[in-house]
Amino acid sequence: MSKGMYRSGAVLLVIPLIVILPGIAIGMGVSPRVPQISIQGQEARLSPAMLGVGSVFMKIENSGNGDDNLLSARAGIPGSVAELHEVKDGRMAKTEKIPIPARSTVELKPKGLHIMIFKMPKDIKDGHEFTLYLMFEKSGEKQVPLKFTRTSDSAHHHDH
């Protein structure tokens, strides 16, 4: 067999490998693990007991195949401070992040994970509209439109 024929045969064997191997790798789950974050059912409630304080609840869905973390929240309300909260030993406590696993929905709800907004102007009332900015580790910033509603003490109680 001549050198030219040998090279041609080798090239013919290598080309299919170049085309097929990436497809096999993707099929084996080597593709990038990318989160796909969406927000549903968001609501903001003014505290019935404390002026200038509110709570935010929502469902954060990650339909992607990669995990993500909610790292922080910021309310578009001058002077306010937003914090991520969880329940620890039956009490609400600030947390540094909220994990959002791949292919799952995390619910922020009363007496569970939620976002607290403090130091709001005292004139914030029922019906006040604002934007909440959520910062995710991999997905970046998401803007969530909200409107405050007032709740009764029995419907919403916090041990802060």
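Hey, any hits in segment 68-80 for a residue that's assigned to a strand (DSSP E or B) and of a type in the set (Lys, Arg)? Yes.
Here Ile39 passes the criteria (1) at pLDDT 90 or above; (2) over 26 Å from Lys125 (Cα atoms) except the one numbered (2). Quick check: anything in segment 37-54 touching a strand residue (DSSP E or B) at 6+ places or on another chain (Cβ under 8 Å), in a strand (DSSP E or B), of a type in the set (Ser, Thr, Tyr) and surrounded by fewer than 16 Cβ atoms within 10 Å (Cβ to Cβ)? Yes: segment 37-54 contains one or more residues that are touching a strand residue (DSSP E or B) at 6+ places or on another chain (Cβ under 8 Å), in a strand (DSSP E or B), of a type in the set (Ser, Thr, Tyr) and surrounded by fewer than 16 Cβ atoms within 10 Å (Cβ to Cβ).
The values are calculated or read from the model by the stated rules, or taken from the named source; none is laboratory data. Not measured: the values here are computed from a predicted model. Cβ sites come from the backbone with ideal geometry, for glycine too, and all protein chains shown count toward neighbours.
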